[in-house]
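Following: one structure in structure tokens, then a few remarks.
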Amino acid sequence: MFTSCTEKERFIFKKIAHGGENLQTSCYVIGGFVRDKLIGRNTSDADIVCVGDGIKLAHEVAAQFSPQPRVAFFKNYGTAHMRVDGLDIEFVGARKESYRYHSRNPEVAPGTLHDDQNRRDFTINTMAISLNKDDYGQLIDPFGGIADISEKRIRTPLDPAQTFSDDPLRMMRAIRFASQLQFNIDEQTWQGIKDNVERIQIISQERITDELNKILMSEKPSVGLDLLYQCGLLHRIFPQMVDLAGAEYKEGWGHKDNFYHTLLVVDNIAAHTADLWLRWAAVLHDIGKPATKKFEDGHGWTFHGHEVVGARMVPKIFSRLRLPQDSKMQFVKKMVELHLRPISLTKENITDSAIRRLLFDAGDDIDALMTLCKADITSKNKKKVRLYLDNFEMVQQRLHDVEEKDRIRNWQPPITGEMIMDIFGISPCRKVGDIKNAIKDAILDGVIENNYDSAYDYMLIKAKELNLEPVK
Ligand code: ATP
Ligand code: MG
């Protein structure tokens, strides 16, 4: 079994085995590490379970190394952690668990290896490898985890309904594993999820969002997002996304199902970026569509202004999902707001001024925006896709040329709000913003030159229109 481990990992496991032998405590590698090794995925953490005191074992193991790794331990949980050679190792004593209805935190009592395997969520996560002298390296797989790996199957070892009711976070984990590993959820396990979706309410938003982020970081996030939708979890954790679903027909006009369109966009972008926040922008790019949907006679369905409405929804959605409220949220908001702009630049006779405006508004995020726009092309017609991509190539070339010439990306207008307040002796008010914007627009439109003197003269003209005289 250890054949798929690195030299370094095998060395570390030998040391752990020594520690266990010294204490006469049996110990095992268990859970995610074993699963990932069998699948052939990279792992950087290993869980060690022992029939005894995990913290004591950790200290004994640390003493086997020189220099000795630092042991961090948590008495309340009976767990200890150390890091050796880039491998995070977690120690815990084998335990039995029993759950109460209103909490996902179980009553815990010491138990056997088998008890410990029983409490684990999916068969593929229950497997253990012995680190004991008698059967060193032996795989202990009481629930058919190996078979489930080869069948690519997510299945609970015990009754699914009980498993998910005990700890509803497991529903999110099942779907996250299905998405990460591209495995299928076994039929009874799936039924267990569908029957327990309302139990998700006892789980903290932070934990739910952690799983959601892991789904988004998987190779094909649509797998997980669609499963969340199909079982009804998405309705509870992210109803705005469910509102995108469905296509309506009226007087022969239809519109696309924006939920499935969004899933395609997310998969497209996942192939081009590992940036979680750009992936979130793909999830949210059309989120304003349900609120702006209208049927116009003779025109069909429209979603005018959905990018502005959608951008306004971003802070609230981020706050509800306990995602950060900082620059990452601002980035996503900006992407949503600007996601149609490059399309408007694919028309003919686009002026430099329009290009400069987009460079100014997108700044350093212009490349991310172009990645989003390309991912937004989901037509099944290959010719159309080619045409749209070619158009974007042209836009990108123009953006590049104008940026070379005018350096707009990180540009700030030569006259700031503070300067305006100072020159006219006024405090912050709307007029300051109006003058500042007028100067910016004039420069971007090429009406005046991009320098301080031209901006100053222009400022005087605009101020006069607003009945302002300089005090200096
Ligand atoms: P990853 O590290 O990729 O998130 P993992 O399966 O290793 O996946 P961890 O959260 O590191 O997940 O948990 C380690 C092991 O603990 C799991 O493999 C599983 O055996 C067990 N486990 C984790 N969370 C639960 C849970 N909610 N219910 C039951 N067992 C769990
Ligand atoms: Mg893990």
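The values are calculated or read from the model by the stated rules, or taken from the named source; none is laboratory data. From a predicted model like this one, the values you see are computed outputs, not experimental measurements. No Cβ is skipped: glycine too gets one built from the backbone with ideal geometry, and neighbour counts run over all protein chains shown. These area figures cover heavy atoms from the full protein model, side chains too; ligands, DNA and RNA do not enter into them. Shrake-Rupley method; radii C 1.70, N 1.55, O 1.52, S 1.80 Å.
Can Lys472 be described as surrounded by fewer than 14 Cβ atoms within 10 Å (Cβ to Cβ), touching a residue at least 24 places away in the same chain (Cβ under 8 Å), among the basic types (Lys, Arg) and part of a loop (DSSP other than H, G, I, E, B)? Taking the combined requirement at face value, the residue satisfies it. Every condition in (1) at pLDDT 95 or above; (2) within 16 Å of ligand 1 (Cβ to nearest atom); (3) not hydrophobic (A, V, I, L, M, F, W, C) is met by Gly78 except one, and the failing one is (1). Would you call Arg173 touching a Phe, Trp or Tyr at 6+ places or on another chain (Cβ under 8 Å) and within 16 Å of ligand 2 (Cβ to nearest atom)? In short, yes. Of the helices (runs of 4 or more DSSP H) lying entirely inside the stretch 83-185, those containing at least 3 residues that are away from ligand 1 (no atom under 13 Å from the Cβ) and surrounded by fewer than 16 Cβ atoms within 10 Å (Cβ to Cβ) are 145-150. Hey, could you check the stretch 19-54 for residues that are part of a loop (DSSP other than H, G, I, E, B) and within 10 Å of ligand 1 (Cβ to nearest atom) and say which is least open to solvent (accessible area, probe 1.4 Å)? The extreme case among them is Gly31. Give me a count of the residues in the stretch 262-315 that are open to solvent by 20 Å² or more (accessible area, probe 1.4 Å), under 14 Å from the mean Cα position of the chain (by Cα) and within 19 Å of Ser344 (Cα to Cα). The total comes to 0. Only one of the numbered conditions (1) of a type in the set (D, E, K, R); (2) loosely packed, with under 15 Cβ neighbours inside 10 Å; (3) within 14 Å of ligand 1 (Cβ to nearest atom); (4) at pLDDT 95 or above is not met by Lys14, and that is (3). Number of residues in the stretch 316-327 that are surrounded by 12 or more Cβ atoms within 10 Å (Cβ to Cβ) and hydroxyl-bearing (Ser, Thr, Tyr) equals 1.
Taking the criterion of being outside any loop (DSSP other than H, G, I, E, B) and either buried (at least 17 other Cβ atoms within 10 Å of the Cβ) or of a type in the set (Val, Ile, Thr) (or both), would at least one residue in the stretch 62-71 satisfy it? So that I can check it myself, show each step before the final result.
Quick first cut of the stretch 62-71, residues outside any loop (DSSP other than H, G, I, E, B) only: 62.
Filter once more, keeping what is either buried (at least 17 other Cβ atoms within 10 Å of the Cβ) or of a type in the set (Val, Ile, Thr) (or both): 62.
Yes: one or more hits.
Given the structure, is Gly254 on the phi > 0 side of the Ramachandran plot and not aliphatic (A, V, I, L, M)? Write out each step before concluding.
Details: on the phi > 0 side of the Ramachandran plot: no; not aliphatic (A, V, I, L, M): yes.
So Gly254 does not fit the description; no.
Of the residues Asn381, Asn437, which single one is within 30 Å of Arg279 (Cβ to Cβ) and open to solvent by less than 80 Å² (accessible area, probe 1.4 Å)?
Working: Asn437 fails: within 30 Å of Arg279 (Cβ to Cβ).
After applying the criteria, what remains is Asn381.
When Ala46, Ala80, Ala63 are checked against the criterion of being within 15 Å of ligand 2 (Cβ to nearest atom) and not β-branched (Val, Ile, Thr), a single residue qualifies: Ala46.
Is the stretch 219-242 home to any residue that is at pLDDT below 95 and not in a helix (DSSP H, G or I)? Looking for residues that are at pLDDT below 95 and not in a helix (DSSP H, G or I), one finds none in the stretch 219-242, hence no. Scanning the stretch 186-206 for residues being open to solvent by 30 Å² or more (accessible area, probe 1.4 Å), within 14 Å of ligand 1 (Cβ to nearest atom) and not in a helix (DSSP H, G or I) gives a total of 1. The residues listed here are Met127, Met171; of these, the one that is touching a residue at least 40 places away in the same chain (Cβ under 8 Å), not hydroxyl-bearing (Ser, Thr, Tyr) and not assigned by TED's automatic domain parsing to the domain that holds Ile16 is Met171. Does the stretch 343-359 contain any residue that is in contact (Cβ under 8 Å) with a residue 12 or more places away in the chain and within 26 Å of the chain's Cα centre (by Cα)? Within the stretch 343-359, one or more residues are in contact (Cβ under 8 Å) with a residue 12 or more places away in the chain and within 26 Å of the chain's Cα centre (by Cα).
Restricting the first member to the stretch 299-326 and to residues that are on the phi > 0 side of the Ramachandran plot, and the second to residues that are of a type in the set (D, E, K, R) and modelled with pLDDT of 95 or more, the beta-carbon pairs closer than 9 Å and six or more apart or on different chains are Arg322/Glu206.
State all residues of the stretch 42-57 that are farther than 18 Å from Val108 by Cβ and touching a residue at least 12 places away in the same chain (Cβ under 8 Å); if no residue qualifies, say none. Explain how you work it out, then say what you get.
The initial filter retains those residues of the stretch 42-57 that are farther than 18 Å from Val108 by Cβ, namely 42-46.
Across the stretch 42-57, the qualifying residues are Ser44, Asp45, Ala46.
Assess whether Glu7 counts as being more than 14 Å from ligand 1 (Cβ to nearest atom) and in contact with a helix residue (DSSP H, G or I) (Cβ under 8 Å, 6 or more places away or on another chain). Taking the combined requirement at face value, the residue does not satisfy it.
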